Amino acid sequence: MNSSYIPQDLTLLGKLTVHETLEYAARLKLPPSVTKSTRLEMVAHIVQLLGLEKCLNNYVEKLSGGEKKRVSIGEELITNPPIMIFDEPTSGLDSVSTVQVVTHLKDLAHSGRTVICVIHQPSSYVLQLFDDVYLLSEGQCIYNGPVGDIVSTFEEAGFPCPQYYNRADFILEVASKQRNGNLDMLISKARERPTSVSENGLGQQDEKFRNKVLT
């Protein structure tokens, strides 16, 4: 499998434990030629990777929102897809769980996967965990590049970001036309700019994490 899609709404069975959920997923997703010992090793590796050791024997229905998100990610990791697409993985989570989930996604990205997220209004800290941003306004891309270049790029187009202001809130305000500036210039820059994939070299482990912000 070349890619996997993890939807916003979870479809986990509440009466199964975390270990049972991942083991059954391995049985269903892997070919019969894979031995039981290999399946269990894969499950153990995923549990460790996602930090699920403490809740391994807990029923899914008793898990926190962040733990459920990580279990759903674990189900998809069974097939080790090189590309993982997440639809609002932080939706409904508190600030602490949000940081935990995004941190684990970043770890997945740096282990050699391409991770793409649709995320709305991240905190300043959460935004910093992403490598790249793809920002849309009325269906048009107005920014596509590294998080670190956001402020300078928008300032060139007449959108100065106030000091100590959350960059995520700022660019969403620009995208929703709540701030004055040259939006057409941003659109032109986004079209002219090579995509982050080609710039950063998608084959490199440390350049895998992608963030798509939609408005």
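The values are calculated or read from the model by the stated rules, or taken from the named source; none is laboratory data. Values in this document were obtained by computation on a predicted structure and should not be read as measured data. Here the Cβ is made from the backbone with ideal geometry for all residues, glycine too, and neighbour counts use every protein chain on show. Remember, those area values only see protein heavy atoms, side chains included, never the ligands or the DNA or RNA. Shrake-Rupley method; radii C 1.70, N 1.55, O 1.52, S 1.80 Å.
Points worth noting:
- Counting only helices (runs of 4 or more DSSP H) that sit wholly inside segment 111-181, those with at least 2 residues that are closer than 24 Å to Gln8 by Cβ and open to solvent by 20 Å² or more (accessible area, probe 1.4 Å) are 124-128, 167-175.
- Subset of segment 86-110 [buried (at least 16 other Cβ atoms within 10 Å of the Cβ) and touching a Gly at 6+ places or on another chain (Cβ under 6 Å)]: Leu93, Ser97, Gln100, Val101
- Test for Ser33: is it among the polar types (S, T, N, Q), over 22 Å from Cys117 (Cβ atoms) and part of a loop (DSSP other than H, G, I, E, B): yes
- Check on Ala44, closer than 23 Å to Ala109 by Cα, surrounded by fewer than 20 Cβ atoms within 10 Å (Cβ to Cβ) and under 25 Å from the mean Cα position of the chain (by Cα): yes
- Filter pass, Leu63 being open to solvent by 10 Å² or more (accessible area, probe 1.4 Å), modelled with pLDDT of 90 or more and in contact with a Cys (Cβ under 7 Å, 6 or more places away or on another chain): yes
- The set of residues in segment 83-118 that are small (Gly, Ala, Ser) and in contact with a Pro (Cβ under 9 Å, 6 or more places away or on another chain) contains only Gly112.
- Unmet criterion (only one of (1) open to solvent by 40 Å² or more (accessible area, probe 1.4 Å); (2) under 14 Å from the mean Cα position of the chain (by Cα); (3) of a type outside the set (D, E, K, R); (4) farther than 22 Å from Tyr134 by Cα) for Pro32: (2)
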